[in-house]
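Below is one structure, written out as structure tokens, with a few remarks after it.
Derivation of every value follows stated rules applied to the coordinates shown; laboratory data play no part. Note that the coordinates shown come from a computational prediction; the quantities given were computed from them, not determined experimentally. With ideal geometry, Cβ positions are generated from the backbone for all residues, glycine too; neighbour counts draw on all protein chains shown.
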Amino acid sequence: MTDRPLNSPRLSDLARRLLADDFRWGVATSAYQIEGAVDVDGRGPSIWDTFARQPGRTVNGESGAVACDHYRRWADDVAMIGELGVDAYRFSIAWPRVQPQGQGAFNAKGLDFYDRLVDALLEHGIAPHATLYHWDLPQALQDLGGWGNRDTAFHFATYADAMARRLGDRLASLATHNEPWCTAVLGHEIGKFAPGDRDPQLAAQVSHHLLLSHGLAMSAMRASGARCPLGIVLNQSSVTPATDSAADRAGAATEYARFVRWYMDPIFRGEYPQDPGIAHYPEVRAGDMALIQAPMDFLGVNFYSRIWVSREDSPRPAPNALGQTDMGWEIHPDGLRELLVGLKDQYGALPPIFITENGMANADTLQEGRVRDAARIDYVHAHLEALAQAKAAGVDVRGYFYWSLMDNYEWDSGYAKRFGLVHVDYETQQRVFKDSAHWYRDTIADLKADAGRAAGEAAHG
Ligand code: FCB
């Protein structure tokens, strides 16, 4: 393979224009995937510690017990984020670290960790964007029924409010949940994620309790005067029927209702989508929907791929020319444009959108100190172009966070899947910028130089 200049490919003029001003560039991680130190400084066990210990749940039985050792290396990691030249860092707060039982006493050492992290980010000029729940429920609450128990939603609101009081004066944003679909469906219907249940009716109830907990948290945080923008992060996807048959089109509508509308409709319309293909609906109590509809300051969208729907005997679609990632996920950047423009058409005025995750797993190898991940550069480049097109079509997108800052624990896939801009050697914990990290840094610097020039010209008339 021949080398190419690190800042190539260059973004199109459209993208350079639309993603320059007031656009936030970031990288994202989550607590359980990077922190390690699961039994240090009073952290309580989470459902992922339990799940990963059960035979056959994760690749090689791997867990986040050590992960990237970020709990100890956080200061170096913040400096590294600074070297990447991004404006923003999205991380999650481990509920069991700050409130080990999920209710009752808070843990001072856990709270101090996030205080220090936030302060260090600010000292490096990096805006801290926090998420309250990225799947690591305190095991003590799971023992009481977890998200299947309505009480958990109320405990979550107490935790959220405490964190907003503690950090809200310095956070650039605070999201309640990350990808509630994954918690509900992967965690309770398919059993691929913690806690590993396989019960579709429970999964529907869990999704409702997650949304309720979002609404209760929003109302608690607003009531105590939270000083940062508040919102939620949803995983979304475009959905394509494999053929034009009535069955495939109906199947695609059902998938879109289950994946996208199931969370968007309650939040923005106050109801669950009705679809003949959906068999399980939760019990909803009077007043729940009003809480869930609490106005938000931003909407986080995580986008990775698209969903193909093929019902009956429809032939499998031809493989996409762009191929797939190491997760086996189809690379389809135009799905991002299609999704965002669709949301605008379907929901009208939405709060400002941030792409809070987008990225790819790649079979990266470190050779002589370098990782040549051209595929990742192409992936990000193509998704940024799609984002610019969505913006050109009137979608109010304010930022982009690459998933992930560094290689980390990819849930049931263990450490085999590498999503990072930064390569992590799990034996030595050495971090090395991949080619994509250099490209991302140079691309951002280039756009900022453009914006700086434009501002200079404006100032000089
Ligand atoms: C998302 C998760 C994130 C990571 C990426 C690859 O669904 O939010 O933690 O696992 O996928």
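Assorted remarks:
- Counting only GluC sites (Glu not before Pro) that DSSP places in a loop and that have at most 13 other Cβ atoms within 10 Å, the longest clean stretch of the chain runs over 1-270.
- Charge dipole magnitude, Cβ of K and R +1, D and E -1 - the stretch 74-224, Cα centre, debye nearest 20: 360
- Residue-wise HN-Hα couplings along the stretch 325-336, as the Karplus relation 6.51 cos²θ - 1.76 cosθ + 1.60 with θ = phi - 60° gives them from phi, are 8, 5, 7, x, 8, 4, 8, 9, x, 5, x, 5 Hz; Gly and Pro carry x.
- Shape analysis of the stretch 364-461 based on the Cα gyration tensor places the equivalent ellipsoid semi-axes at 32, 17, 11 Å, largest first.
- Span per principal axis, largest first, for the Cα atoms of the stretch 139-238 (Å): 40, 36, 18
- Exposure proxy order (Cβ contacts within 10 Å, fewest to most) of I278, I267: I278, I267
- Taking 0.36 nm per residue of separation and subtracting the current Cα-Cα distance, fully stretching the chain between R116 and D334 would add 74.5 nm.
- Under 19 Å from the H280 label point (7 Å along Cα→beta-carbon), backbone N, the stretch 172-201: 179-201
- Sequentially through the stretch 128-140, phi angles give Karplus couplings (6.51, -1.76, 1.60; θ = phi - 60°) of x, 10, 9, 10, 7, 9, 10, 5, 9, 5, x, 4, 4 Hz, Gly and Pro residues having no value and appearing as x.
- Evaluating kT/(6 pi eta Rh) at 10 °C and 1.306 mPa s, with the Kirkwood radius of the stretch 173-217 over Cα pairs in the Stokes-Einstein relation, gives 153 µm² s⁻¹.
- Computed E for K448/N60 - FRET, C-beta separation, R0 30 angstrom, nearest 0.05: 0.10
- You can think of it this way: the chain between D69 and H124 has 17.7 nm of extra reach, that is 0.36 nm per residue less the Cα-Cα gap.
- Quotient of Cα Rg and 2.2 N^0.38 Å for the stretch 117-171, N being how many residues it contains: 1.40
- Counting only DSSP beta bridges whose two residues both lie in the chain, roughly 15 percent are antiparallel.
- The calculated Kirkwood hydrodynamic radius for the stretch 187-279 is 15.2 Å, given to one decimal from all distinct C-alpha pairs.
- Signed unit charges on C-beta, dipole axis of the chain, positive-most listed residue W411, L144, G342: G342
- Viscosity 0.890 mPa s, temperature 25 °C, Stokes-Einstein D of the stretch 1-147 from Kirkwood C-alpha radius, µm²/s: 142
- Relative contact order %, the stretch 13-459, counting alpha carbon pairs below 8 Å whose residues are six or more apart: 18
- Remark: the chain carries a charge dipole of roughly 520 debye about the Cα centre, counting +1 on each Lys and Arg Cβ and -1 on each Asp and Glu Cβ.
- For the stretch 13-459, the orientation-averaged shadow of the C-alpha convex hull comes to 21.5 nm² (one quarter of the hull surface).
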